[in-house]
1. Rounded to whole Å and ordered largest first, report the semi-axes of the equivalent ellipsoid of the chain derived from its Cα gyration tensor (root of 5λ).
2. Just to confirm the number: angle between the C-alpha axis of helix 418-436 and the first principal axis of the chain, 0 to 90 degrees, nearest 10?
3. Which distance in Å, rounded to a whole number, links the C-alpha centroids of the range 199-236 and the range 49-64?
4. Would you work out if the range 233-298 is rounded, prolate or oblate? Take a ≥ b ≥ c from the square roots of the eigenvalues of the alpha-carbon gyration tensor; rounded if a/c is under 1.5, else prolate when a/b is larger than b/c, oblate otherwise.
5. With a point put 7 Å past each Cα toward its Cβ, work out how far residue 146 is from residue 287 in nm, to one decimal.
6. Evaluate the Debye formula for the range 372-439 with equal point scatterers sitting on the alpha carbons, no solvent, and hand back log10 of I(q)/I(0) at q = 0.18, 0.20, 0.22 Å⁻¹, in q order, two decimals.
7. How many percent of the alpha carbon pairs in the range 93-139 exceed a separation of 13 Å?
8. For helix 332-344, report the angle its Cα long axis makes with the longest principal axis of the Cα atoms of the chain; keep it between 0 and 90° and round to the nearest 10°.
């Protein structure tokens, strides 16, 4: 029988030919401790993802599975597609959950707190080839809770960068704005009105953002120097002065450029509007680059840090997918090797990131060599290095995001004042945070 020798962290130490001799000398095939002899009789692990065939995230994980099995013949991966969060929760309660779950960033903190993930701190600490320093810090800490590690971040997606149409700025002889005050000035000069009171072009539509105004409140709240969560007190802070100022600014912008008129004059969403030249600036993400290459291949645009108030740090936050071992898995060593391959090796991380078109959390991913040849992707990588915000570290952040969206929409509709609406968010969300934290 063929054998190979690996350590528990997935690193092959000796060749099979050498091990055949060792096995003959030992007369037995079991070695205890950190080092274990494995036969080619494969152990099967289940890896579940929410996406299905045709989705770039599914195709990426599929290709990574093929490469993993080729590099690890003692492990067989059963890839399960279309595995929703509700199904995963039921499976956990029933003791039949898949070994590995590939989830997004929005709920990762809640899942960890609720005990869905297996603690892999020991594996990380004893792995000689993987450490927290191998990852972009804001991406790494979204998988950390109470000083322990519960998963591997796959993506370090900067949200949101400012995309600016260079031709429009050349027309008016202006530079791309760096501050909110400059943004106001350039927007006024970039706007083109129609004879019937509508708009042929807007400089920016600040409420038009991927993920709607929930994401917008985080983006503009941080741009105005606000704080949305107090880590020490474990309290959401929608009434922070900067957050209130951001919503007041959005409300004032809406008064000058009414949302119904903008939407009827320039229908669609952020990326198509920008690609069509109907808006000069938009807040975009990594995947916006590929989208614009398809929709507006001849457009010349620049990517920059979003405008902010003086004294504010880079308002972009680092988000993206995280992968973890399900609590109760019976194949933790094998599952860890899979996590490490797709999220902590140059080759595995490269396969996943390139197919998905996202920036890897792992600093040594092969895909970074590919992105280095693309000035747009390289610019996003540069911007992500100075981002410190992590939305996914906030408990109940999905509910928080939705509450902020409803609050902002109510303000823009003229139904509520900014401070009133954000106060209601505080009243609604803090009890949810307390319940999650067991307080």
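Only the coordinates and a few stated rules stand behind these numbers; no lab work does. Please read all numbers here as calculations on a predicted model, not as lab measurements. Here the Cβ is made from the backbone with ideal geometry for all residues, glycine too, and neighbour counts use every protein chain on show.
1. 45, 25, 17
2. Taking Cα atoms only, the helix is inclined about 10 degrees.
3. When both Cα centres are located, 30 Å separates them.
4. Oblate, because a/c is 1.5 or more while a/b does not exceed b/c.
5. Calculated label separation equals 3.3 nm.
6. After summing over all Cα pairs, the log10 values are -0.77, -0.82, -0.88.
7. Counting every Cα pair in the range 93-139, those more than 13 Å apart make up 70 percent.
8. It works out to around 50 degrees.
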